[in-house]
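Enquirer: Got a structure for you, questions after.
None of the figures in this text is laboratory data; all of them are computed from the coordinates on show. What you see is a predicted model, and the numbers here were worked out from it, not measured in a lab. Here the Cβ positions follow ideal geometry from the backbone for every residue, glycine too, while neighbour counts run over all protein chains shown.
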Amino acid sequence: IEDNAFSGCTGLVSIDFSNCAKLATIKGGAFSGCTSLAGLDFSNCPLLTTIGGSAFKGCSSLATFVLPQNCPVTVIEAETFSECSALTAVDFTVCPNLTTIKEKAFRKNKALARLDLPASLTTLPIRSINMHRSLAEGAAMLHVWFRSCPISDARTANPFGEMFGNSAGH
């Protein structure tokens with residue numbers, strides 16, 4: 001799916017990916033601004049290796065996002081799920097090779113209550129705590145499951161502020 005392929009399609013409510021077994025790439029901004037898109041199920045896309053930056057940014061109705069078992073994705077790019085204010089949970093444990101979640105991946109997601117992370121995760125970039133609002137202001141995060149991941153890039157006492165918070169003016 002090319003860059004900005006469906007960007008700004010505010011009337012797009014759903015897409016059937018059940019016959020997309022060869023889908024490997026979702027490029028940057030592919031679904032950004034699709035404010036009516038309620039859920040995406042990629043469970044029948046076992047070759048999905050790339051999800052571009054801002055791919056789902058601003059999909060304010062996106063409540064469910066499902067990846068295939070043994071998903072080969074290794075990186076979640078910056079702002080991929082930014083401003084997905086209806087998204088309540090994402091399970092990345094189905095991605096055994098996921099090593100990196102880039103900055104602001106879940107920025108301004110106030111409904112996000114659960115994030116499951118795989119043991120393979122090694123990089124979770126962050127900024128200092130005084131650079132952004134607190135997690136309590138940015139999201140209603142209740143559970144973050146690390147599944148014994150050896151994070152090597154956690155540099156402050158607030159490892160989620162830049163990823164989930166609102167850094168404007170802070």
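Enquirer: Check whether at least one residue in the stretch 43-50 is over 27 Å from Lys22 (Cβ atoms) and surrounded by fewer than 22 Cβ atoms within 10 Å (Cβ to Cβ), and report yes or no. Full working, then the answer.
Expert: So the first thing to find is which residues in the stretch 43-50 are over 27 Å from Lys22 (Cβ atoms), and the list is none.
Within the stretch 43-50 (the criterion being over 27 Å from Lys22 (Cβ atoms) and surrounded by fewer than 22 Cβ atoms within 10 Å (Cβ to Cβ)), the answer is no, since none of the residues qualifies.
Enquirer: Another question about this same structure. So for the stretch 9-32 (the condition being more than 23 Å from Leu124 (Cβ to Cβ) and not in a loop (DSSP other than H, G, I, E, B)), does at least one residue qualify?
Expert: Taking every residue of the stretch 9-32 in turn, at least one turns out to be more than 23 Å from Leu124 (Cβ to Cβ) and not in a loop (DSSP other than H, G, I, E, B).
Enquirer: Name every residue in the stretch 112-127 that is in contact with a strand residue (DSSP E or B) (Cβ under 9 Å, 6 or more places away or on another chain) and among the hydrophobic types (A, V, I, L, M, F, W, C), in order of residue number.
Expert: Result: Leu112, Ala113, Leu115, Leu117, Leu121, Leu124.
Enquirer: Also: On the given criteria, is Ile51 touching a residue at least 24 places away in the same chain (Cβ under 8 Å), among the hydrophobic types (A, V, I, L, M, F, W, C) and in contact with an Asp or Glu (Cβ under 8 Å, 6 or more places away or on another chain)? Walk me through how you get there before you give the answer.
Expert: On the way: touching a residue at least 24 places away in the same chain (Cβ under 8 Å): yes; among the hydrophobic types (A, V, I, L, M, F, W, C): yes; in contact with an Asp or Glu (Cβ under 8 Å, 6 or more places away or on another chain): yes.
In short, yes.
Enquirer: Is one or more of the residues making up the stretch 88-101 buried (at least 22 other Cβ atoms within 10 Å of the Cβ) and either within 17 Å of Lys27 (Cα to Cα) or in contact with a helix residue (DSSP H, G or I) (Cβ under 8 Å, 6 or more places away or on another chain) (or both)?
Expert: Yes, that holds for at least one residue.
Enquirer: Also: Could you please give the count of residues in the stretch 12-39 that are within 15 Å of Gln69 (Cα to Cα) and buried (at least 20 other Cβ atoms within 10 Å of the Cβ)?
Expert: Number of matching residues: 0.
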